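The values are calculated or read from the model by the stated rules, or taken from the named source; none is laboratory data. Being a predicted model, the structure only gives us computed values, none of them experimental. Neighbour counts run over all protein chains shown; Cβ positions are idealised from the backbone, glycine included. Please note that ligands, DNA and RNA were not included when accessible areas were found on the heavy atoms of the full protein model with its side chains. Shrake-Rupley method; radii C 1.70, N 1.55, O 1.52, S 1.80 Å.
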Amino acid sequence: KISNYWGRHSRYRADGGDIDLFFIAGPAVTNVIERYTDLTGKSAMLPKHALGYLGSSMYYAELPQDSDDAILEFIDTARAEDIPISGFQLSSGYTAQDTVEGSKRCVFTWNNKRFKNPKEFFAEMKKRGIVVSSNVKPGILLVHPDIAKYQSADILVKDSTSDDPCVGNWWGGRGVFADFTNPKTREVWKEALKENLLNYGTNSVWNDNCEYDSIVDLDARCSFDEKGGTIGQLKPVMANLMCHITEEAIAENTPNERPFIVCRAGHAGIQQYAQSWSGDNRTSWDTLKFNIATMLGMSLCGVSNYGSDIGGFFGNSPEPELLVRWVQNGIFHPRFSIHSVNADFTVTEPWMYPEYTAYVRDAIHLRYRLMPYFYSLMYQAHITGLPIMQPLCCAFQEDAKGYDEAESFMIGGLLVATVLDKGAKTKSVYLPAGTDFYDFFTRNAYAGGQNIEMPVDLDSIPLFLSSGTILPMTNTITHNMTTDEIKDLHILCVADKDGTFTLYEDDGCTNEYKDGVYKKTSIRMQTGNNITIDFTSEGSYASPVEQIALDVIYPKNAPLAVLCDKKILPHYLYQKKYEEASCGWYYNLGTKSIEIKYPNPNKEYQVEILTNPTDMIGM
């Protein structure tokens, strides 16, 4: 603040209550995030399918009948189009009931014209490897068939002047609201979740519209664990409590299954419970850009599992180019979901423009190839609190030129600078100072601290690897994360300086990782005259990976020999022969990369890349 009376200063005001003030000095931004999440909680360790493509649209749950069949057909179409999909976000239309005021959404009910047998629907989705997240809202309409039960249970936010429930505007009319600060509410809500959703065969819930902004009387009364408080004071914690209750309900119902909770709102610490997103965005090129800044801001607040509605939630359908560019950017969001309620009555789907489907398919395939990387970074966020998506000001704090960059971002050591402008023929990318960068696809090298201008077409996804990066991928496109196993790893290594990475593996869905049933592989790369890459592991999980390929960017020269576990690997000069072999190495002159592959030793081992002639003496 600046005034005529005082020098430059900061000011803080609280409307009431005690002030608990924490000063986190840093000095690094990452230090602040780690310590802030020490206070508010680390990110949830979600099941692996939470990182996959999450299909959704309000259209399907709003059909007059047979929504279940339409959703199953959508999943089958994705399979037919070779588009992997791992989850489906079921909008609240499944709760629509015929009332005296017409068809209304009534929480914890099912419309049996749209969903003939919910349990069978969940089972059919599970067969296809799809986890369904059903929408649950904290408001209860006055025309709800069970309104008397909820009112008599004394679980609702109360009017400011009486013991009657506080009534406000809700979806489709007037309603009342669950008071999650009331212990009784928490028990009633948990049982309702089990009876009406979880017992049908899911461990995923989508908590929605839990901002409590429908209550305009801020003096409406809440239990506050029987100490008493107002909705004005307690509104921020309602979404967190709703997610906490959901987590408990899932844990009680299926103790060994990892919960997957999605929530639109949240207070400090929401990252402990849920994946979240930027809300009901609008279909436009500006939104595509502005949502990135929102996600990066949330990442600085410790909320790692975050995203936006790809393609835009509301407005006319995205034009083909916008859809392609949004998907190409969205595959790098921790939450990747295409969700819409288009004003022109269309449905945003990956194949909605057949002549452009290949671009969308290729991008989604890249997302699934990067799954080992994303899953490892999600584990890192779970342990350290550090974000999966990092703004340049966080990853390269010493470079002031990156402080105003709100469109490019880092995923670990990968700089994402996708095309965000309509009709673009070139893309200007700022490469932060302090490191070199390599084009992910061509391996062309660039010094940091400069803007580069690169030609682009509709197929272009500009990505750059920073010096020392180790990036595990797979060539397997997993269509069912609950049953399919990744059998191969393709590990990119930028060998111009030392680097480390921890590859994390577990079964992807249970809580057994808490008992040590995981595999953490520390990959340590040391560069110099020669390159050594050491692999050391801990944990009891038996990795399904059978084959490992290293792709080592090394533009200086071809190596003289490559050893794995002290054994010399065969050298191939003919690429086709290398591709047919199960073990060996090949120097790719086009990408200036050393390609190495071998069966997974499943033990501690070292790969040595010898580039110094003196080290060949006696071999």
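At-a-glance table
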item	result
Surface accessible to a 1.4 Å probe, per residue, for the residues of region 348-456, Å²	38 Å²
Student exercise, the chain dipole from Lys, Arg, Asp, Glu Cβ charges, in Debye to nearest 20	700 debye
Gain upon complete extension [residue 604, residue 403; 0.36 nm per residue less C-alpha separation]	68.3 nm
Cα-based shape type of region 367-485, given that a ≥ b ≥ c are square roots of the gyration tensor eigenvalues and the cut on a/c is 1.5	oblate
Heavy-atom SASA rank of 394, 301 (probe 1.4 Å, accessible area, largest first)	301, 394
Percent carbon-and-sulfur accessible area, region 109-162, ignoring ligands, DNA and RNA, probe 1.4 Å	50 percent
Cut-off 10 Å between beta-carbons: net charge of the residues surrounding residue 350, Lys and Arg +1, Asp and Glu -1	-1
Charge sum, other residues only, whose C-beta stays under 11 Å from residue 490's C-beta, Lys/Arg counted +1 and Asp/Glu -1	-1
With at most 10 other Cβ atoms within 10 Å, longest stretch of the chain clear of loop GluC sites (Glu not before Pro) (DSSP)	1-225
Partners for residue 194 among aspartates and glutamates (Cα-Cα distance below 16 Å; same-chain residues under 8 apart left out)	247, 248, 252, 257
Region 516-591-region 8-46 distance, computed between alpha-carbon centres (Å)	42 Å
Rel. contact order, % - alpha carbon contacts under 8 angstrom, at least six apart, the chain	11 percent
17 Å Cα-Cα reach of residue 104 towards aspartates and glutamates, excluding residues that sit fewer than 8 places from it in its own chain	62, 146, 208
The chain - share of DSSP beta bridges that are antiparallel (%, nearest 5)	70 percent
For the chain, calculated [θ]222 nm from helices alone, where every DSSP H run of n ≥ 4 adds -39500 (n - 2.57)	-7000 deg cm²/dmol
Amide proton proximity set for residue 132, modelled H, under 5 Å, gap of 5+	88
Calculated Rg and Dmax of region 452-546 using C-alpha coordinates, Å	16.6, 50
Restraint check, 497/519; 116/149; 401/425; 487/520; 127/514; 425/556, Cα-Cα greater than 20 Å	497/519; 116/149; 401/425; 127/514; 425/556
Heavy-atom accessible area ranking, 1.4 Å probe, most first, across 104, 422	422, 104
Dipole magnitude of region 143-299 about its Cα centre (Cβ charges: Lys, Arg +1; Asp, Glu -1), debye to nearest 20	380 debye
Positive minus negative residues near residue 317 (Lys, Arg vs Asp, Glu; Cβ under 12 Å)	-3
Relative contact order of region 337-440, pairs being alpha-carbon contacts under 8 Å that are 6 or more residues apart, as %	15 percent
Dipole in debye (nearest 20) - region 318-464, about Cα centre, beta carbon charges: Lys, Arg +1; Asp, Glu -1	400 debye
Accessible area per residue in Å² at 1.4 Å probe, computed on region 549-619	54 Å²
Residues of region 9-140: accessible area per residue with a 1.4 Å probe, Å²	46 Å²
In sequence order, calculated HN-Hα J values of region 269-281 (Karplus, 6.51, -1.76, 1.60; Hz; x Gly/Pro)	x, 4, 5, 5, 10, 9, 8, 9, 8, 7, x, 7, 7
Nearest-10 value in Å² for the accessible area of residue 550, using the 1.4 Å probe	0 Å²
Of all accessible heavy-atom area on region 244-391, the percent that carbon and sulfur account for (1.4 Å)	54 percent
Within straight-line cross-link reach of residue 227, lysines at Cα separation under 23 Å, skipping those fewer than 8 residues along the same chain	158, 184, 190, 235
Extension gain from residue 421 to residue 154, taking 0.36 nm per residue of separation minus the Cα-Cα distance	90.8 nm
